[in-house]
Amino acid sequence: MLIAGFPAGAWGTNCYLVAPAAGEECVIIDPGHQAAQGVEETLQKHRLKPVAVVLTHGHIDHVASVVPVCGAHDVPAWIHPEDRYMMSDPEKALGRSIGMPLMGELTVGEPDDVHELTDGAQLDLAGLQFSVAHAPGHTKGSVTFQMPRSAEIPSVFFSGDLLFAGSIGRTDLPGGDMDEMLESLARVCLPLDNSTVVLSGHGPQTTIGQERATNPYLRQVAAGLGSVDAPRRGM
């Protein structure tokens with residue numbers, strides 16, 4: 001399997017391109033702010049043909065390049081219905097007033113073809129399988145994508161802004177909720193094998209085992225001790 005990722009834009013949001021191998025079809029995850037050029041360079045480098053864009057949530061740092069990327073390749077975008085409005089109304093998603101500057105000129109709006117994600121869905125795209133888990137807390141429509149383990153590689157978990165190396169996503173923006181975040185961590189992350197590779201929306205990769213041992217939020221959730229007073233990340 002090929003996973004090519006790069007941090008994009010002012011927020012350093014990780015965009016991933018996932019394919020069975022070089023020269024094959026691929027899925028693009030979270031093409032955010034200023035990600036379009038990096039997407040095109042990665043497609044050319046690995047000779048990939050995109051078939052879909054899938055989104056972990058609707059914040060502008062994860063969806064800002066959806067319209068140009070989908071338009072350039074005539075592919076659909078997948079997003080949870082509770083975050084769909086954010087593609088066309090990013091200011092509302094961030095608690096800003098309409099008309100306030102938002103990182104200069106951005107191409108906001110929906111691509112021509114939008115599909116809605118549901119909890120427990122199985123996406124079969126580009127010869128790959130992605131299990132969808134609804135994981136609210138950072139936003140109401142946050143989701144994660146898990147790829148199954150094989151004989152050659154461990155399971156891969158695209159966590160969006162749910163779980164980071166050493167931290168979790170912030171919950172103080174519209175739609176955020178700490179109680180929902182903790183429930184999502186317990187329900188979605190804790191059952192995963194320690195060997196599961198975590199590719200998050202910001203920062204370096206990690207594993208569930210590493211986070212189970214060192215992440216203060218995951219440790220407290222596992223112990224059933226409720227909220228934690230520790231730094232959080234994400235936009």
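Can you name every residue in region 150-166 that is among the aromatic types (Phe, Trp, Tyr) and either buried (at least 24 other Cβ atoms within 10 Å of the Cβ) or touching a Phe, Trp or Tyr at 6+ places or on another chain (Cβ under 9 Å) (or both)?
Phe157, Phe158, listed by residue number.
Out of all the residues in region 196-210, is one or more more than 19 Å from Val18 (Cα to Cα), open to solvent by 40 Å² or more (accessible area, probe 1.4 Å), in contact (Cβ under 8 Å) with a residue 12 or more places away in the chain and in a helix (DSSP H, G or I)?
Yes, because at least one residue in region 196-210 is more than 19 Å from Val18 (Cα to Cα), open to solvent by 40 Å² or more (accessible area, probe 1.4 Å), in contact (Cβ under 8 Å) with a residue 12 or more places away in the chain and in a helix (DSSP H, G or I).
When both residues are 6+ apart or on different chains and their Cβ atoms are under 6 Å apart, which pairs have a first residue that lies in region 65-91 and is without any contact (Cβ under 8 Å) to a residue 12 or more places away in the chain, and a second that is assigned to a loop (DSSP other than H, G, I, E, B) and open to solvent by less than 40 Å² (accessible area, probe 1.4 Å)?
Correct list of pairs: empty, since none qualify.
All but one of (1) open to solvent by 30 Å² or more (accessible area, probe 1.4 Å); (2) within 27 Å of Leu17 (Cα to Cα); (3) of a type in the set (Gly, Ala, Ser); (4) free of Cβ contacts under 8 Å to residues at least 60 places away in the same chain hold for Ala222; which doesn't?
Unmet condition: (2).
Say we look at region 28-41 and pick out the residues that are open to solvent by less than 20 Å² (accessible area, probe 1.4 Å) and not in a strand (DSSP E or B); which of these is farthest from Glu110 (Cα to Cα)?
Ranking the candidates gives Gly38 first.
In region 1-27, which residue that is touching a Lys or Arg at 6+ places or on another chain (Cβ under 9 Å) and surrounded by fewer than 15 Cβ atoms within 10 Å (Cβ to Cβ) is farthest from Val198 (Cα to Cα)?
Gly23
For region 169-179, name all the residues that are touching an Asp or Glu at 6+ places or on another chain (Cβ under 8 Å) and not in a loop (DSSP other than H, G, I, E, B).
Gly169
Looking only at residues that are among the β-branched types (Val, Ile, Thr) and more than 13 Å from the chain's Cα centre (by Cα) in region 42-65, which one is most open to solvent (accessible area, probe 1.4 Å)?
Val51
Looking only at region 145-175, which residues are of a type outside the set (S, T, N, Q), out of contact with any Leu (no Cβ under 8 Å at 6 or more places or on another chain) and more than 14 Å from Tyr217 (Cβ to Cβ)?
Listed by number, the residues that qualify are Pro148, Arg149, Ala151, Glu152, Ile153, Pro154, Gly160, Asp172, Gly175.
Test of understanding: among His73, His57, His62, which residue is under 16 Å from Pro111 (Cβ atoms) and touching an Asp or Glu at 6+ places or on another chain (Cβ under 7 Å)?
Just one listed residue meets the conditions, His62.
I'd like the residue in region 134-149 that is open to solvent by less than 20 Å² (accessible area, probe 1.4 Å) and part of a strand (DSSP E or B) and, out of all such residues, is farthest from Leu162 (Cα to Cα).
Among them, the one singled out is Met147.
For region 167-193, which positions are buried (at least 18 other Cβ atoms within 10 Å of the Cβ) and acidic (Asp, Glu)?
Answer for region 167-193, where residues must be buried (at least 18 other Cβ atoms within 10 Å of the Cβ) and acidic (Asp, Glu): just Glu180.
Would you mention how many residues in region 138-162 are more than 15 Å from His62 (Cβ to Cβ) and not acidic (Asp, Glu)?
Qualifying residue count for the region: 11.
The values are calculated or read from the model by the stated rules, or taken from the named source; none is laboratory data. Note that the structure is a prediction, hence the values are computed from the model and not measured. Heads up, the Cβs are rebuilt from the backbone with ideal geometry, glycines too, and the neighbour counts pull from every protein chain shown. The area values use the complete protein model at the heavy-atom level, side chains included, leaving out ligands, DNA and RNA. Shrake-Rupley method; radii C 1.70, N 1.55, O 1.52, S 1.80 Å.
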